[in-house]
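See structure below.
What follows draws every value from the coordinates through simple rules; no lab data is involved. The shown structure was predicted, so the numbers you read here are calculated from the model rather than taken from an experiment. Positions of Cβ are generated from backbone atoms using ideal geometry, with glycine treated the same way; all protein chains shown enter the neighbour counts.
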Amino acid sequence: MVFEEERWDVGGIMRRIWGIIWEMESVQDNKVSCIVEGSRLGSWEPPGSGVSKINTDAGVVEGVGVGLGAVSRTSAGEVEWAVVLQRGSGCAVDMAEAEAILLGLREAIRMQSRKVVIESDCLIVVEDLNRNRRGRSELFAIYEEIRQLSLSFESIVFKHISRNFNKLAHMLAHAMPWFHGSRFWTSDLPAEFGIVALFDASNIF
């Protein structure tokens, strides 16, 4: 401001910070991430008009427990709601990922969503649901419950998304401090989650 007479709004500063963080994480993970003029190539993509996109993720933390996260956003990138469920007992990763989808669907029904897109970074679970795979294990029992809840919507699509573009759901599943139970937000989303939502939304315009 002093030397270049340039003023930055808070949102602009936060987007720059998160752009740097994503670039550093990509280098550390040996993943290719192209940054052009401060923006990522590729990002969270908004759903169509009148559709809610629900991103889900699960985190199995050894010695701590399992966390499930889900967040619903509009075509404008606005957060409609977000939910976290954390517990002490553990389970297999694919089962936790399926439970995260189940959590998202339950909240979508409670919030009276009619058209939804469900995104998860667990390819196996997404493929199983889209191929309507059947079985006798506990995992397939969760799949069946997901199918039953799916009947409550006018339209529903299950999609796989890169972990790089599922950051907000990932952060929710790993929310600290760890709390055994559920937490739910609408407009009162904590700042650390709101920053990620803002960064995602800035890439859709």
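Calculated FRET efficiency, residue 75 to residue 162, Cβ-Cβ distance, R0 = 22 Å: about 0.60 to the nearest 0.05. Among 186, 56, 74, the ranking by other beta carbons within 10 Å of each residue's beta carbon, starting with the fewest, stands as 186, 74, 56. Taking only the alpha carbons of the stretch 44-202, we obtain Rg and Dmax values of 14.5, 44 Å in that order. Restricting the calculation to Cα atoms, the stretch 110-205 shows an Rg/Rh of 0.99 when the hydrodynamic-style radius is the Kirkwood one.
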